[in-house]
Amino acid sequence: MPPVLNAMTVDVEDYFHVSAFASVVKPAEWTTFESRVCQSTERLLDIFERADVRATFFVLGWVAERHPGLVRRIHRAGHEIASHSYDHGLVYDKRPDEFLADLRRAKVAIGDACGTDVQGYRAPSYSITERSLWALDVLAAEGYTYDSSIYPIRHDRYGIPTWPRHVHHVTRAGGGLWELPGSTVRQYGMNLPIGGGGYFRLLPYAWTRRGITRVNEVEGKPAIFYLHPWEVDPEQPRLRASALSRYRHYTNLHRTADRLVRLLRQFRFGTVTEVLAQTAAATPAGVPVGFGVTDSLPVV
C-alpha cells in the first residue's frame, strides 16, 4: 500500500492578524501596518511547487479583499481554497448571528477574488470549543462540507481535549460535515500536539516527524498539518506584546522553511479534499465514519 496521504494546510493571514497580538493591534489599525502576506505566501507556493505538493489554503476574507491577485495565484497553482473567516475574530467571542455574517462576508470576498466556491472552513486560533460548538450547526446549514477548527488538546486559548483525534464525519442539528482535528499523539494519558504551527517551530523537528510517523504507520490515519505564511518570514516587524506571545510568535522563524522542505520530502501531503477521498475509500461499506455531537465525547 502507498504511504498515507496527509493534509497540508495554510492559514493565509498577515503577521499583525494573529490572536496573540489582538490586545496591541486593533482591526481598525491593520491598514497602517506593512503587509507582508503576499511575499511570504509566495515563498510557500515556491516550496510546494518544488515538492510537487498541493495544499489547502484557508484564506482570510480581509486578505482576499485587499490582495485578490494573491488568491488567484494560489488557485491557479492548483491549490484548494477555503475560508479562515473574514476578520480573524475568535468564534467563541461572537454571537451566532455575528459568526454567520462573518462567514458569508468571507465567502463572498474569497469567491470574488478567484471565482471558486468555498467548501471548507477553519476558525481563527482553533476557536470552535465546547462553548462554540453551535458554529458547526451554522457551517453545516450554510453548506460547508468540512471544518478544521477543533484541536483535541488542552490549551490556554483553545481546544477540546475529549474530542476524537482523527478525521470523522459530524452530525449536528444543522446537518452534517467532515471534521479534521489538529493532529495529536496519545501519550501519558493525554493528547499532545504534532500538527504544525508553533509546535513545529518551538519543538524539535524530530517531535513532528515521529508524531506523524506514528499517526500514519501505527494508527493508519492521516495527519492534519498547518502553518502560516508569516512563519517563513523571519524579517517581519517585531510588535510589542507580552513575553509569552512574543516567544510563541517569533521563536525559530528562521528555521521554518528548511524544516518544511524536509517534512515534504519525508511524508506524502495533499489537499483536504484529497485526504477526505482517501478516508472514504479506506472505509468499508456499511462501517460508520461519524457520530452525532451532543455534549461530551470520548477520546479516540
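The values are calculated or read from the model by the stated rules, or taken from the named source; none is laboratory data. As the structure is a prediction and not an experimental result, all values here were calculated from the model. As a convention, Cβ positions derive from the backbone with ideal geometry for all residues, glycine included, and neighbour counts pool all protein chains shown.
Of the conditions (1) at pLDDT below 95; (2) touching a helix residue (DSSP H, G or I) at 6+ places or on another chain (Cβ under 8 Å); (3) buried (at least 23 other Cβ atoms within 10 Å of the Cβ); (4) small (Gly, Ala, Ser), Ser183 satisfies every one except a single condition; which number is it? Going through (1) at pLDDT below 95; (2) touching a helix residue (DSSP H, G or I) at 6+ places or on another chain (Cβ under 8 Å); (3) buried (at least 23 other Cβ atoms within 10 Å of the Cβ); (4) small (Gly, Ala, Ser) one by one, Ser183 breaks only (1). Could you tell me whether any residue of segment 93-113 is touching a Lys or Arg at 6+ places or on another chain (Cβ under 6 Å), outside any loop (DSSP other than H, G, I, E, B) and surrounded by fewer than 22 Cβ atoms within 10 Å (Cβ to Cβ)? No, because not a single residue in segment 93-113 is touching a Lys or Arg at 6+ places or on another chain (Cβ under 6 Å), outside any loop (DSSP other than H, G, I, E, B) and surrounded by fewer than 22 Cβ atoms within 10 Å (Cβ to Cβ). Please tell me if Val138 is part of a helix (DSSP H, G or I) and in contact with a Gly (Cβ under 7 Å, 6 or more places away or on another chain). Yes: the conditions hold for Val138.
If you scan segment 10-33, which residues turn out to be free of Cβ contacts under 8 Å to residues at least 60 places away in the same chain, farther than 16 Å from Leu90 by Cα and either touching a strand residue (DSSP E or B) at 6+ places or on another chain (Cβ under 6 Å) or surrounded by 13 or more Cβ atoms within 10 Å (Cβ to Cβ) (or both)?
Matches in segment 10-33: Trp30 only.
Only one residue in Asp147, Asp137 is touching a strand residue (DSSP E or B) at 6+ places or on another chain (Cβ under 8 Å), under 19 Å from Phe58 (Cβ atoms) and acidic (Asp, Glu). Which one?
Result: Asp147 is the single residue among Asp147, Asp137 that is touching a strand residue (DSSP E or B) at 6+ places or on another chain (Cβ under 8 Å), under 19 Å from Phe58 (Cβ atoms) and acidic (Asp, Glu).
Screening segment 161-208 for residues that are hydroxyl-bearing (Ser, Thr, Tyr) and assigned to a helix (DSSP H, G or I) and picking the one that is nearest to Ala82 (Cα to Cα) gives Tyr199. Annotation for segment 226-241: no member residue is of a type in the set (A, V, I, L, M, F, W, C), assigned to a loop (DSSP other than H, G, I, E, B), buried (at least 17 other Cβ atoms within 10 Å of the Cβ) and under 18 Å from the mean Cα position of the chain (by Cα). When Val71, Val59 are checked against the criterion of being crowded, with 18+ Cβ neighbours inside 10 Å, modelled with pLDDT of 95 or more, under 30 Å from Leu276 (Cα atoms) and over 16 Å from the mean Cα position of the chain (by Cα), Val71 stands alone in meeting it. Taking the options Phe58, Phe48, name whichever one is under 23 Å from Ser183 (Cβ atoms), in contact (Cβ under 8 Å) with a residue 40 or more places away in the chain and part of a helix (DSSP H, G or I). Phe48 is the lone residue from the list that is under 23 Å from Ser183 (Cβ atoms), in contact (Cβ under 8 Å) with a residue 40 or more places away in the chain and part of a helix (DSSP H, G or I). Take Gly159 and decide whether it is at pLDDT 95 or above and in contact with a helix residue (DSSP H, G or I) (Cβ under 8 Å, 6 or more places away or on another chain). No; evaluated as a whole, the condition is false for this residue. Within segment 64-80, the residues that satisfy the criterion of being closer than 21 Å to Val18 by Cβ and either of a type outside the set (Gly, Ala, Ser) or in a loop (DSSP other than H, G, I, E, B) (or both) are Glu65, Arg66, His67, Leu70, Val71, Ile74.
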